[in-house]
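Read through the structure below, which is laid out as structure tokens, and then see the notes.
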Amino acid sequence: MKFMSRRRLTALCLKETRQILRDPSSGIVAFALPMILLVIFGYGLNLDTTRLRMGLCNEDKGAAAESFTAKLTGSTYFEIVPGSRAELDTLLETGRIRGYAVLAQDFSRIIEEGRATAPIQVVTDGAEPNTANFIGAFMKNAWQEWRRTRARDLGHDTAMGVEIQVRYWYNPAAISRHYLIPGSITIIMTVIGAMLTSLVVAREWERGTMEALLASPVTKAELLLSKLIPYYVLGMISMSVVALCAVHIMGVPFRGSVGALLLVTTVFLLSMLGIGLLISSVMRNQFDSAQTTLNVAFLPAVMLSGAFFVISSMPAPLRALTFLLPPRYLVSALQTLFLAGDVWEILIPDILFLSATSVLFLTLTALKTRRRLDS
């Protein structure tokens, strides 16, 4: 039985580190690509609805109609475009506005008569359902708020009315970037952990250096650790850089502890490193390894981790599949750490699952690795 030699392990780690430093693609994937993805997901992907162009056709020039028009014009969410029905129809068809409201000719008369409802027509672009729903909900809220304000100004009794006050916990400003950035970091860590290591063993086979390693006294444990340790360090450095950029440049709050972040990142990286090494050991070809990693790790992390798409809205079979994906648990852990803090009731199950997957994939990699040339 061969025992692990610290000297051989150190030499192998130095050899792998030099390989990383000499290979420009490693630096690009570890540092340049994360910054690009962070900017794209942080600024390019924005779920906040602000300054939508919305049309307004006021067919009634009465006092009530003018007051309600002023209410809509003063909104920070819309840029109001006045016009006739025909003009607004044309703008909606060409995509220059997302919807429009029509105040009918008898709007002010109905309001003055004290009726509970008034004829307001809202037309929206159904090609974008989320935007259409937002416009409809905004018009209802604007109408209710305007009625309450008008009743209070006229001295009417509004004690029986219900006033809803909304408070946003964990994300008081309701900025979507604060929610999306932790998911973006998960995608970045998946790329670094799985994509880079999926090429290292395959590269040894393609360049013919694996035969030299197998002919040396290097043990299987030393070989695997020499592939894990440098890329683990590279991943932790990348996480530090990305987290600092998210907090200090993009303004995302971080309410957890650094120790919890390092622990969560460690168990996730080990899981992804295990997946990458397993794929690399099986494929023995860099192109095949990269394609397999794209389909096995990257795409599921984007689509099924909950980083950008709500898991509860997915079909039941896909929801069940998400429980098997490590990125889902890192998304949960990072969103908790950034927005809520060290909520261990959430973090401990995530850490335990990621630890279990790390052991699983690293064990499978060790079983698949053979000290011989045949598969």
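FYI, it's all coordinate maths here, none of it is from the lab. Just so we're clear, the structure is a prediction, and the values are computed from it rather than from any experiment. So basically every Cβ, Gly included, is an ideal-geometry build from the backbone, and we count neighbours across all protein chains shown.
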Taking Cα atoms, the helix 63-73 axis meets the longest principal axis of the chain at an angle in degrees (rounded to 10) of 10
Please find, in a Gaussian network model of the chain (springs between Cα atoms separated by less than 10 Å), the residue of ALA32, ALA307, ALA86 whose mean-square fluctuation is greatest.
-> ALA86
Spatial extent of the range 52-153: Rg and Dmax, with the Cα atoms as the point set, Å = 13.3, 41
Rounded to 10°, Cα long-axis angle of helix 344-368 versus longest principal axis of the chain = 40
Given the peptides 53-61, 35-43, arrange them by the average over their residues of other C-beta atoms within 10 Å, most packed first.
-> 53-61, 35-43
Total formal charge among the other residues, if their Cβ is under 13 angstrom from that of LEU334, Lys/Arg +1 and Asp/Glu -1 = 0
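Quick one: of the DSSP bridges fully inside the range 52-153, what percent are antiparallel, nearest 5?
35
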For the range 247-375, what is the relative contact order in percent, using Cα pairs closer than 8 Å and at least 6 residues apart in sequence?
-> 42
In the neighbourhood of ASN58 defined by beta carbon distances under 13 Å, the net charge of the other residues (Lys, Arg +1; Asp, Glu -1) is -2
Assigning unit charges at the beta carbon (Lys, Arg +1; Asp, Glu -1) and nothing else, what dipole magnitude in debye, to the nearest 20, does the chain show about its Cα centre?
-> 1840
Rounded to the nearest 500, what is the chain's calculated 222 nm mean residue ellipticity when only DSSP H runs of at least 4 contribute -39500 (n - 2.57) each, over all residues?
-> -19000 deg cm²/dmol
Highest first, please rank the peptides 252-263, 180-191 by the mean number of other Cβ atoms sitting within 10 Å of their residues.
-> 180-191, 252-263
DSSP beta bridges in the chain: the antiparallel percent, rounded to 5, is 35
For a label point 7 Å from the Cα of ARG319 along Cα→C-beta, name the residues of the range 327-345 whose backbone N is under 15 Å from it.
-> none
Here, VAL310 and HIS248, labelled 7 Å along Cα→Cβ, have an inter-label distance in nm of 3.6
Packing rank of 269-275, 119-125, 292-298, where each peptide gets the mean count of other beta carbons within 10 Å, highest leading = 269-275, 292-298, 119-125
Rule-of-thumb check for the chain: C-alpha Rg over 2.2 N^0.38 Å?
-> 1.37
